[in-house]
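What follows is one structure encoded as structure tokens, with my remarks underneath.
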Amino acid sequence: MGASLLWRRLWRHKLLYLFMLPGIVWFFLFSYVPLYGIQVAFRDFTFSGGFTGSPWAGLKYFRQFFDYYQSEALIRNTILISALKLVIGFAMPILLAILLNEVRHVKFKKTVQTLSYLPYFVSWVVVVTLMQRLLTPYGGPVNDLLVSIGLVKDPIRFLNNTSWFYQIIVGSDIWKNIGWNSIIYMAAMAGIDQQLYEAAKIDGAGRFRQIWHVTLPGIRNIAVILFILATGSLMSAGYEQLLLLNGPATAAIGSVLDVHVIGAGISQGRLSYAAAVGLFQSIIALVLILTVNRIARKVSDVSLF
Amino acid sequence: MKKKQSKFSRLVLAAALMTTALAGCSDNGGGNSEGSGNANAPAGDNGGTGTEKAVTLKILHNWNGSGPGDVDMTPIAEAIREKTGITVQFDYTKGSETEKVNTIFATQDLPDIYTGPAWGGELDGIVKAAKEDQLVDLSEKLASYPNLSKAIAKENVPPALYDKAIGAFGDQQYLLYQNQPATDKDAMDWLYGFYVRKDIAQKVGVDPQSVKTKDDLYNFLKKIKDAKLTENGMPVMPLGGFSNGWAVGIGNTMFYGSDYQDKGDGTLEHTFFTKAYEDYTLYYRKLIEEGLLDPETFTQTDPIAKEKINQGRIAVLAAHFPAIYDATKEYAKSHPGSDFVAVGPLERAGAEPNRPVDLGIQGNNVTVITKACKNVDAALKLLEFLASDEGFLLVHYGVEGVHWERVDGKPVAKKEFFDKFAADTTGKEKKNAGIGIGFESLTGQDRTNTLGGDIWADQERIAAMDNARKILRPNGIKVISAYNAGDVIAKSPQWETLKPSMDRIGDVWKEAVFAKSDDAALKVINALRDQMNKTGYPEAIQYVNENLKGKEVVKLQMAN
């Protein structure tokens, strides 16, 4: 009876499920099927044995990671950089979306929107090369400008410098992703009933009051859900960006788990070790998501599940 | 009926789609030999019959930065096909060679033939692949291929490399070996050193040959810095290098002789644990702190490094001579008197002043046939031909009668091509002829000078190199034949746990160089020392000392 009810419901909403199908297939193929590879973290991977035929090694590679003298620093750096990106980077797209939502000049709004999306499609390699050119203390335009207008006496070494590292990492991440991440908020704002704004106006609310009492509550649910999902990446600070922007001078604060995993796995050929560290990252991420989800449900009644 | 037909058509369509998809997946990554082919004529018979079935072999040339010209089938590749019946498809590595080795075996995306560096993580990856049945055992076939056999004969391979790789598998033989000098006169000295722009040395009033000690070098760089030189409005950096810091660190030989040192009691210790290593690190830290060494040098890309050099913004470059000559040629041409000259020769820690320079000159390349190769005989036939004198001349000089000819028995470049190649600063013309691409790594022992010298080198370059040699090698060179402790420690039982720590030495040195203070630099070094001790260094070095007891060990070695 229950099964037939389920099928009837599925059939009734068949078009909606059809829309979901590509997403389900994508997740199944690229997120669930590769899960069988997790076992490599518990095996001594050999080229001939592969994923399923290599001998079991138990928790050997997890122990190796926690015995590694930099494991603590790697975890600390990863969490700190991710937290900075989360705290600062999470609010910025909301701010941009609100600002754009308030713009009444359609052409200007669309131009700003398009320009803000563009950096998202530029690879980190290009972004970092641009930054190297712009920020170099040897004839870089940024330093030339700062010196010429008298803001600084000597050029500043922005890159590969601990004093500027966090600002550069978080700033470039926001610049690259702010436009793209604001799309979902723009969509949520477009769905807010215009009558609410009308009612607020009648009640005497100005622009800021309307934002506070109508716009922000209107996007609250989506913001909470995105925040819960974002906490899942706290153990992942961004492989490409950190690989390219971290140098020997900033290694003490810029070495993160993602780059360590790639270095161990591909450069050193320690695939089982890399898989173990990667699995550790994923487990912590899962715990974080579950925790934040529970807190969100208690505090705001909004949660993923 | 219509419904049935429609259902049938849908089934046929689905089946067709599935078949296409499965067919797409059926090539298990080899993508290699087309058919079995019959290019396996007896070795030594390099003449093609013209009736053999065409064979295509895919070769991975695992040297970062190598690459083809603008044409796929060069005249040289064409000549090789005529001779052997084999068409070669090269795949070139862009990026880390070690990563490439690990990736191809982990993903099983294997070429027919792999060729790449005979050292470091690349060689470790190949040795691991051999141990794990990823390569073809050539032991029973090699007798038919005299050129290949000769190159891996025990007497022609450095002992440590033989023990570690070439002869490390008992009766099995997996690795072929290339580019080791066939005779003493074929030994290539790359002339690593510090080179200064001649006009800058004159401006600051220092004779480059008067710079002998580490203090002299520091004072020289300081003088350049204090002169506040600019080029196109940008400051000239006293010392710089190429991408990722290559090879500014070569000043290490002013502090210690080689990677392993005698502790004074006849036993060896890794230099990383010595006071000399600390002094070396703090010296470079001082250079960075005082703005004498380009702080971007360790993170810059090749184009940015070359741009700085081309704009004349680096006063002293540390690298090997050919790289410096090629990178500075343009600038020197447009700014007469600004060519780079060798500094020193600088003092060498632990070496008498009249001692010849100790160089580890050996082959740089290993080649293997992977288990994905469907036509091992054809692969061996190709490699045997390339390793023959005929193959060597073809690959290095071009097609006889077209690119070069014999004059009084000696190979001489045809003027038309010599001028064409010399005028092309991109090197593409030469590559389009087939010279300087992947085949060069496969030509057996290095016989460049034995067979006629580098006929494409221009006289100015040869003269400049001779000049640098006169300065840097006043007592000549001595080719190292002793055991390298680094090869022995890699065979210790602790190596699996110790290697990840030892792999960090280079990175930790750079971190220490950028540390805020000397104490902070030493702290960074000591942290890795502790980790090495925790991961088996004491036992591993004991293993090294036991195994090298009574053997001659490398204690002095310059970069080459």
Within the stretch B:130-171, work out how many residues are among the polar types (S, T, N, Q) and surrounded by fewer than 17 Cβ atoms within 10 Å (Cβ to Cβ).
2
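Just give me the residues in the stretch A:200-219 being surrounded by 14 or more Cβ atoms within 10 Å (Cβ to Cβ) and of a type outside the set (Ser, Thr, Tyr), in sequence order.
Restricting attention to the stretch A:200-219, the residues satisfying the condition of being surrounded by 14 or more Cβ atoms within 10 Å (Cβ to Cβ) are A:200-201, A:205, A:210-211, A:213-216, A:218-219.
If the condition is that a residue be surrounded by 14 or more Cβ atoms within 10 Å (Cβ to Cβ) and of a type outside the set (Ser, Thr, Tyr), then A:ALA200, A:LYS201, A:ALA205, A:GLN210, A:ILE211, A:HIS213, A:VAL214, A:LEU216, A:GLY218, A:ILE219 are the ones that fit.
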Inside the stretch B:60-134, counting only helices (runs of 4 or more DSSP H) that do not spill past its ends, which hold 3 or more residues that are within 12 Å of another protein chain (Cβ to nearest Cβ)?
B:97-107, B:120-131
Considering (1) touching a helix residue (DSSP H, G or I) at 6+ places or on another chain (Cβ under 9 Å); (2) within 14 Å of chain B (Cβ to nearest Cβ), say which one A:TYR36 fails and leave the rest.
(2)
Within the stretch B:272-303, how many residues are more than 21 Å from B:LEU221 (Cβ to Cβ) and either without any contact (Cβ under 8 Å) to a residue 40 or more places away in the chain or at the interface with chain A (Cβ under 10 Å from one of its Cβ atoms) (or both)?
4
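Considering only the stretch B:305-319, how many residues are touching a residue at least 12 places away in the same chain (Cβ under 8 Å) and either within 14 Å of another protein chain (Cβ to nearest Cβ) or farther than 22 Å from B:LYS214 by Cα (or both)?
Adding up the residues that qualify gives 10.
Give the residue, chosen from B:MET532, B:MET558, that is crowded, with 17+ Cβ neighbours inside 10 Å and within 14 Å of chain A (Cβ to nearest Cβ). Outline the logic, then answer.
Numbers: B:MET558 fails: within 14 Å of chain A (Cβ to nearest Cβ).
One residue alone meets the criteria, B:MET532.
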Restricted to the stretch B:409-435 and to residues being of a type in the set (Lys, Arg) and assigned to a helix (DSSP H, G or I), the residue modelled with the lowest pLDDT is B:LYS428
Using the structure shown, decide if A:TRP212 is within 21 Å of the chain's Cα centre (by Cα) and farther than 25 Å from A:PHE62 by Cβ.
no
Of everything in the stretch A:252-271 that's closer than 11 Å to B:THR103 by Cα, assigned to a helix (DSSP H, G or I) and of a type outside the set (A, V, I, L, M), which residue is modelled with the highest pLDDT?
A:GLY265
Mind counting the residues in the stretch B:254-265 that are more than 24 Å from the chain's Cα centre (by Cα) and within 13 Å of B:VAL554 (Cα to Cα)?
2
Close pairs from the stretch B:351-365: first closer than 13 Å to B:VAL554 by Cβ, partner among the small types (Gly, Ala, Ser) and in a loop (DSSP other than H, G, I, E, B), Cβ under 8 Å, at least 6 apart:
B:ALA351/B:GLY257; B:ASP358/B:ALA351; B:LEU359/B:ALA187; B:ILE361/B:ALA187; B:GLN362/B:ALA118
Looking at B:VAL513 and the list (1) within 10 Å of chain A (Cβ to nearest Cβ); (2) more than 29 Å from B:TYR283 (Cα to Cα), which single condition is not satisfied?
(2)
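Only one of B:ILE126, B:ILE104, B:ILE113, B:ILE86 is more than 24 Å from the chain's Cα centre (by Cα) and at pLDDT 95 or above; which?
B:ILE86
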Quick one: which helices (runs of 4 or more DSSP H) sit completely within the stretch A:57-135 and have at least 3 residues that are within 12 Å of chain B (Cβ to nearest Cβ) and either among the hydroxyl-bearing types (Ser, Thr, Tyr) or over 15 Å from the mean Cα position of the chain (by Cα) (or both)?
A:60-67, A:71-102, A:124-135
Scan the helices (runs of 4 or more DSSP H) fully inside the stretch A:181-239 and keep the ones with 2 or more residues being in contact with a Phe, Trp or Tyr (Cβ under 7 Å, 6 or more places away or on another chain).
A:216-231
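What number of residues within the stretch A:39-56 satisfy the criterion of being touching a residue at least 12 places away in the same chain (Cβ under 8 Å), in a helix (DSSP H, G or I) and over 30 Å from the mean Cα position of the chain (by Cα)? Walk me through it before giving the result.
Start the filter on the stretch A:39-56 by keeping residues that are touching a residue at least 12 places away in the same chain (Cβ under 8 Å), which leaves A:39-45, A:51-52, A:54-56.
Retained after the next criterion (residues that are in a helix (DSSP H, G or I)): A:39-42, A:51-52.
If we keep only those that are over 30 Å from the mean Cα position of the chain (by Cα) too, we end up with A:52.
So the count comes out to 1.
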Flag if A:LEU279 is within 14 Å of chain B (Cβ to nearest Cβ) and hydrophobic (A, V, I, L, M, F, W, C)
no
Just need a number here: residues in the stretch A:258-305 that are under 30 Å from B:GLY506 (Cα atoms) and basic (Lys, Arg).
1
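Looking at B:VAL236, B:VAL248, B:VAL204 in this structure, which one is aliphatic (A, V, I, L, M), on the phi < 0 side of the Ramachandran plot and away from chain A (no Cβ under 14 Å)?
On the way: B:VAL236 fails: away from chain A (no Cβ under 14 Å); B:VAL248 fails: away from chain A (no Cβ under 14 Å).
One residue alone meets the criteria, B:VAL204.
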Out of the helices (runs of 4 or more DSSP H) lying entirely within the stretch B:144-246, which hold 3 or more residues that are within 27 Å of B:LYS333 (Cβ to Cβ) and over 19 Å from the mean Cα position of the chain (by Cα)?
B:198-203, B:214-226
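Does at least one position in the stretch B:340-361 carry a residue that is closer than 30 Å to B:ASP112 by Cα and assigned to a loop (DSSP other than H, G, I, E, B)? Outline the logic, then answer.
Step one: filter the stretch B:340-361 for residues closer than 30 Å to B:ASP112 by Cα, giving B:361.
Filter once more, keeping what is assigned to a loop (DSSP other than H, G, I, E, B): B:361.
Within the stretch B:340-361 (the criterion being closer than 30 Å to B:ASP112 by Cα and assigned to a loop (DSSP other than H, G, I, E, B)), the answer is yes, since at least one residue qualifies.
Here's a check for you: in the stretch B:523-546, which residue that is aliphatic (A, V, I, L, M) and without any contact (Cβ under 8 Å) to a residue 40 or more places away in the chain is nearest to B:SER501 (Cα to Cα)?
Filtering the stretch B:523-546 for residues aliphatic (A, V, I, L, M) gives B:524-525, B:527-528, B:532, B:540-541, B:544.
Adding the requirement that they be without any contact (Cβ under 8 Å) to a residue 40 or more places away in the chain leaves B:524, B:527.
On the way: B:VAL524: 13, B:ALA527: 11 Å.
Among those residues, the one meeting the criterion is B:ALA527.
The values are calculated or read from the model by the stated rules, or taken from the named source; none is laboratory data. Since the structure is predicted, the reported quantities are computational estimates derived from the model, not experimental observations. Backbone-built Cβ (ideal geometry, glycine too); neighbour counts: all protein chains shown.
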